[in-house]
Amino acid sequence: MSRQALVALRPDVENALVRAAEASSSVTVVRRCADLADLLATAAAGVGDLAFVSAGERSLDRAAVAHLEEHRVAVVGVTAAGDEGEERALRQLGIDAIVRSDAEPGELDAVIERLPDLKSDRGAAGAARAAGAARAAGTAGRPSEVADQPGRAPGDDTADVCHDGDGPSAERPGRIVAVWGPLGSPGVTTVAVNLAAELAESGQTVLLVDANTWGASVAQALAIIEEAPGVAAAARAADHGTLDRSVLARLAPVVRPRLRVLTGLPRPDRWPELRAASVEEVLRQARTLADVVLVDVGFCLEDDEELSYDTAAPRRNAVTLTTLAMAAEVVVVGAADPVGLQRLVRGVQDLAVAQAPPPTVVVNKVRSSAVGAHPERAIGEALERFSGLADLTFLPWAPDVCDAVMLAGDVLLVKAPKSPLRLALATLARRFAPVRV
């Protein structure tokens, strides 16, 4: 069956490609779009199942590619004859099907035959790819091109790697661990920062990513003075197709041996800069840089696309939902008080709807003054009875210790190595890697 094609090409490549398409048996050009915006609007209207785009097309970025796939339109990149730079640029945007503008009809047919039919293939690879693209944050205008370059922590070397030869590779990438908690400041960042430090101490290479679009705070917790958002710079590079392992390494300063940090947004109102399609590429590249990619994400799990009339607009919670879907493991942090435990139970139920992996549940700030005598036993019995949660990790209430560590801008491993809270976090870290205590 002939594919219905939309075309948004530069004038120097359009005529030759359209002539080849007209002579092809597998494609029919149904619309020549004036520009990329016209192409995206036409795809959103349900016209066509195939799009030809050329490298260098104004506003062509990873989010635009994701938008087309979200509307079940497969994408073919078109390059000028012999231009390897254009081909490389298209592949960096996630476009794998590429033809030259002077391709013969038979060559065009061969490329199109290998494309998934996103309109009809709701199983296997085609639907999986479209479902992933549906989490993209849409095609709203680019954030302002602010020259954000994250500051370096003391002692930061500018090496492009943070591991030896036995680190992650394309064949054996690192794994993503999301750290999430419900509304109410249960201590997600405290757990994320110290869990990252424990994993790095165990010999793992770790990249801690602050992807909280509601209140990023990892930079403050580790006293990274310059708060230029590394995650925004990385997402922007991913959006433009220029992000790779070495670029990501330069954006993520080393704060401890084997531990890098990609700092978060300094202001919550900058959340549109983190579009899901770009963050997905950041996390993919992060897996080539570190054994463990630990991601601190925001509390809200609402699929806010459904709350907006403009479904192509950026979505604030898309970063959290995308991270949870990509994660191999999820650590859920709840507070040990009646309100916090109720939110924890409901949050775990919401996580199941968000298609996150089964969580490792951490109950933080455990003390008898909030829940009565024998708090760990009381909390464990209540959570198992009302939500079926078992195998819990309890972290003791230690406000003085946490205050001292926060004041120093350091981690428990350094400032309070023998404290019960640090020892409990070291035990938690053993679930992911052996840790020296």
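Against the conditions (1) open to solvent by 10 Å² or more (accessible area, probe 1.4 Å); (2) more than 29 Å from residue 266 (Cβ to Cβ); (3) among the aliphatic types (A, V, I, L, M); (4) at pLDDT below 90, residue 146 satisfies every one except (2). Taken together, the criteria exclude residue 65 from residues that are closer than 19 Å to residue 106 by Cα and of a type in the set (A, V, I, L, M). Just wondering, is there one or more residues in the range 369-389 that are surrounded by 15 or more Cβ atoms within 10 Å (Cβ to Cβ), among the β-branched types (Val, Ile, Thr) and closer than 26 Å to residue 176 by Cα? There is no residue in the range 369-389 that is surrounded by 15 or more Cβ atoms within 10 Å (Cβ to Cβ), among the β-branched types (Val, Ile, Thr) and closer than 26 Å to residue 176 by Cα.
Quick check on my filter: what residues within the range 271-283 are in a loop (DSSP other than H, G, I, E, B) and not basic (Lys, Arg)? Full working, then the answer.
Within the range 271-283, the subset in a loop (DSSP other than H, G, I, E, B) is 274-275.
Correct list: 274 only.
Close contacts from the range 81-103, counting a first residue that is over 24 Å from residue 234 (Cα atoms) and a second that is modelled with pLDDT of 85 or more and part of a loop (DSSP other than H, G, I, E, B), with Cβ to Cβ under 8 Å and a gap of 6+ residues or different chains, come to 81/101; 81/102; 97/114; 97/115; 100/80; 101/9; 101/80.
Say whether the condition of being open to solvent by less than 80 Å² (accessible area, probe 1.4 Å), closer than 16 Å to residue 184 by Cβ and in contact with a Leu (Cβ under 7 Å, 6 or more places away or on another chain) is met by at least one residue in the range 401-408. No - not one qualifying residue is present in the range 401-408.
What's the total number of residues in the range 247-270 that are part of a helix (DSSP H, G or I) and over 21 Å from residue 60 (Cα atoms)?
From the range 247-270, those part of a helix (DSSP H, G or I) are 247-251, 268-270; that's our starting set.
Narrowing further to those that are over 21 Å from residue 60 (Cα atoms): 248-251, 268-270.
Selection size over the range 247-270: 7.
For the range 272-294, a residue qualifies if it is more than 21 Å from residue 60 (Cα to Cα) and either open to solvent by 10 Å² or more (accessible area, probe 1.4 Å) or of a type in the set (Lys, Arg) (or both), and the qualifying residues are 287, 288, 291.
If I filter the range 29-38 for residues that are touching a residue at least 24 places away in the same chain (Cβ under 8 Å), part of a helix (DSSP H, G or I) and crowded, with 18+ Cβ neighbours inside 10 Å, do I get at least one hit? Yes, some residue in the range 29-38 is touching a residue at least 24 places away in the same chain (Cβ under 8 Å), part of a helix (DSSP H, G or I) and crowded, with 18+ Cβ neighbours inside 10 Å. Any residue that is open to solvent by 40 Å² or more (accessible area, probe 1.4 Å), under 14 Å from residue 182 (Cβ atoms), of a type in the set (A, V, I, L, M) and in contact (Cβ under 8 Å) with a residue 60 or more places away in the chain - is there at least one of those in the range 332-345? There is at least one residue in the range 332-345 that is open to solvent by 40 Å² or more (accessible area, probe 1.4 Å), under 14 Å from residue 182 (Cβ atoms), of a type in the set (A, V, I, L, M) and in contact (Cβ under 8 Å) with a residue 60 or more places away in the chain.
A single member of 18, 65 is crowded, with 22+ Cβ neighbours inside 10 Å, out of contact with any Asp or Glu (no Cβ under 7 Å at 6 or more places or on another chain) and not in a strand (DSSP E or B), and it is 65.
The values are calculated or read from the model by the stated rules, or taken from the named source; none is laboratory data. Quantities reported herein were computed from a predicted structural model and do not represent experimental measurements. Glycine also receives a Cβ, built like all others from the backbone with ideal geometry; neighbour counts cover every protein chain displayed. Side chains included, ligands, DNA and RNA excluded: accessible areas come from the protein's heavy atoms. Shrake-Rupley method; radii C 1.70, N 1.55, O 1.52, S 1.80 Å.
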